[in-house]
1. Mind listing the phi-derived Karplus ³J(HN,Hα) values for the range 406-417, rounded to whole Hz, using 6.51, -1.76 and 1.60 with θ = phi - 60°, and x for any glycine or proline?
2. Step through the residues of the range 364-380 one at a time and calculate ³J(HN,Hα) from phi using the Karplus curve (6.51 cos²θ - 1.76 cosθ + 1.60, θ = phi - 60°), rounding each to whole Hz and writing x for Gly and Pro.
3. Probe of 1.4 angstrom, ligands and nucleic acids ignored: what's the accessible area per residue over the range 180-435, in square angstrom?
4. Carbon and sulfur atoms: what percent of the 1.4 Å accessible area of the range 180-435 do they account for?
5. Please state the charge dipole magnitude for the range 180-435, taken about the Cα centre, from unit charges on C-beta atoms (+1 on K and R, -1 on D and E), reported in debye and rounded to the nearest 20.
6. Whole-Hz ³J(HN,Hα) for each residue in the range 124-131, computed from phi via Karplus 6.51 cos²θ - 1.76 cosθ + 1.60 with θ = phi - 60°, x for glycine and proline: what do you get?
7. When only Cα pairs under 8 Å and 6 or more residues apart are kept, what is the percent relative contact order across the range 154-223?
8. Using a 1.4 angstrom probe with every protein chain in place, what is the largest-first accessible-area order of Y160, Y337?
Amino acid sequence: LSGNTRNCFLTGSRDYYRNFLCKGQRCLLNVPRTEVWKNAHHGSGKFCFQSSQSSLGHKIKSFQISSVGLLPSHFSAWNIQIIRFFRTSPSLQAAPVPLFWVIVKPAQKLFAIILGRSIRNWWKALPPNKRELFKEIARKNKWKILLGVSSLGVLFVVFYFTHLEETPITGRARLLVFGKEHFRQLSQMEYDMWMEEFKTKMLPETDARYQVVKRVVGHLSESNKDIPQVLALSWVIHVIDEPGVNAFVLPNGQVFVFTGLLNAVSDIHQLSFILGHEIAHAVLEHAVKKASLVHFLDFLSLIFLTMIWAICPRDSLAVVGQWIQSKLQEFMFDRPYSRTLEAEADKVGLQFAAKACVDVRASSVFWQQMELAETIQGQPKLPEWLSTHPSHENRAEHLDRLIPEALKIRERCNCPSLSGPDPRLIFKLNMQHLLESSKVQETPNSTKQDLSKTKVDFPHT
């Protein structure tokens, strides 16, 4: 999948991959075998390869078969460009913020600031005797004031629990403030924005890399069409010629994949897992959930924002207090919730890949490769709590815990047995070889040199 080459690096044998594709179609949990998913670009067609002269075979002239997960043979891909953090959603998140929110949100904060500042100035302008009078009234009616504040809190709690719905597949409770249909309509606006931005970088449908992504997405959707949410969306593929290691799916089923991701994955199994992860984001409606929670918290924060500007004696202190409040909300609620959604998408995406008869063991290897690439490049390792995504190391460990259950799903789907050694073991052995090679390259004066400062030349494929 690297660059413009026509080679497809797969694991196992040619017959194994043909069986992997054919038998994967039947993993529908008692759903009849039908034609592959239709999309806006192509009509339907059988995804299962009947011979090496299949449609993908015409696009990719040869299948170069390699042993499982040989790290050096694939690591030339890392030499082109690695983004500092792999993001499985664009910088604007995978869904648009509702238009009214964009307009009203700044106005709400401005109103809270003006109201709080007005209360402070009004209090300062009061004569001392009137201030004491108000304090005395407050002391006498403290239980009434407490009851009023408690009632307001109860209203927020009632609003929260009356807007909870069950998440599809996982069954977790989720807060939904916005209408899903309205949100999908607004996602069309973001789709138009991305299409305008990348209109000169879209790969044609005849490109081999486009065909690979199309067939992987089609196979994942076909293998999981027993799930109503998967069946309800029409998956449309867009492959963008960009070096960034990125992919995302909009809530309306628009799939965007950067060629940098195709260069970063070692095999078709890793690509299938990553795209399964992105499809899970859309199926679980994470964009709606995230926007709903942020909007709810922002509305609550208006009360604290008004109090900050009313209590602080000077505007400069109020600005500092407002900044502290926003950072507390970000690091205590927003970012942890984003990491929770990412972990949930990893779990469901792994299940999607397992039902498509993918070698799910390759999922954790991808994140170990990302961790290794950043280490080799000497990029600083930031604490996980500063990020909206789990660390590469923690994602790999989380997936390793989920892989046994995913392997059971493969068995229930009558998938072909996994041939060859475990790719996680191969990666571990290659890591040992890499460390030994780096020690040989060290001079006597740099025996304590860190791996991030060691130059390692990987052979090009």
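1. 5, 5, 5, 5, 4, 5, 5, 8, 6, 6, x, 5
2. 6, 5, 4, 6, 5, 5, 4, 4, 5, 4, 5, 5, 5, 7, x, 6, x
3. Values: 9650 Å² over 256 residues.
Per residue, the range 180-435 has an accessible area of 38 Å².
4. Working: 5930 of 9650 Å².
Roughly 61 percent, rounded to a whole number.
5. On the way: 25 positive and 31 negative charges, 90 e Å.
Taking the Cα centre of the range 180-435 as origin, the dipole is about 440 debye.
6. After applying 6.51 cos²θ - 1.76 cosθ + 1.60, I find 5, 7, 6, x, x, 5, 6, 4 Hz.
7. On the way: 21 pairs, mean separation 9.6, N = 70.
RCO, the range 154-223: 14 percent.
8. Details: Y160 75, Y337 45 Å².
Descending accessible area places them as Y160, Y337.
The values are calculated or read from the model by the stated rules, or taken from the named source; none is laboratory data. As the structure is a computational prediction, the values presented were derived from the model and not from experiment. Quick reminder, even Gly has a Cβ in these numbers, built from the backbone with ideal geometry, and neighbours come from all protein chains shown. Surface accessibility is based on the protein's heavy atoms, side chains included, excluding ligands, DNA and RNA. Shrake-Rupley method; radii C 1.70, N 1.55, O 1.52, S 1.80 Å.
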